Ligand code: PRP
Ligand code: URA
């Protein structure tokens, strides 16, 4: 795959360890959900070293001190339904007051084209970094559609977080939206004839929510 400036692939062994368990077909729904949350937290911790901050004054039992805290409304969490929902708590564990917008998209099983069915975003999103969440980046169609939508709604800074990405999906998003930073925990080999990432982990939404 071509190298893109705005694409970060985490090759961290602690993340890879969790992804290995996530892939396993024997991993239970509960464990799958917990792992998605934990991996997301590790990714966000690394991807937001440059989060906007504010300076505050804190009085300790000994003296007053000037400290750094995360700026108000620094980020807004945007899960792509359904599977992106599984990543929300992982971001909230680091940004507990972040507001959440939802974008509902499903992939047509035949054409693999994304279809929008729901969208609700908080006001003021244009002044916040949008953290777009989806565990799977396959053809890239859903991510491109979600980013198009966020930009139309005035979002100026968007960071896409995926747990598993296929090379084609990364290229499609990076070419369509070169300003968007893309963070992926693991790069997989390819898509199969049904548009599934291989080796992958199967259908992320089904594994998170126990559907088939
Ligand atoms: C999955 C996944 C992404 C999309 C990725 O969702 O969560 O949103 O497919 O595929 P793409 O990169 O080719 O667009 P799906 O459409 O299965 O919906 P679901 O989360 O409701 O199951
Ligand atoms: N969506 C998934 O949930 N899994 C894939 O492998 C591709 C798209």
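None of the figures in this text is laboratory data; all of them are computed from the coordinates on show. Because the structure is predicted, anything quoted here is derived from the model rather than measured. Cβ placement follows ideal geometry from the backbone for every residue including glycine, while neighbour counts extend to all protein chains displayed.
Just a few scattered comments:
- Residue 99-residue 60 pseudo-label distance in nm [points 7 Å out on the Cα-to-Cβ vector]: 3.5
- Bridge type composition, the chain - antiparallel percent by DSSP, nearest 5: 40
- With Cα atoms, 0 to 90° folded angle of helix 29-47 axis to the chain main axis: 50
- Remark on segment 7-209: ratio of C-alpha radius of gyration to 2.2 N^0.38 Å is 1.05.
- Within segment 134-172: backbone nitrogen closer than 11 Å to the residue 193 label point (7 Å, Cα to C-beta): none
- Length available on full extension from residue 123 to residue 12: 0.36 nm per residue minus the Cα-Cα distance, which gives 36.4 nm.
- Packing, as the average of other Cβ atoms within 10 Å across residues, places the peptides 82-93, 182-193, 37-48, 22-33 in the order 82-93, 37-48, 182-193, 22-33, highest first.
- The alpha carbon centroids of segment 145-172 and segment 82-126 are separated by 11 Å.
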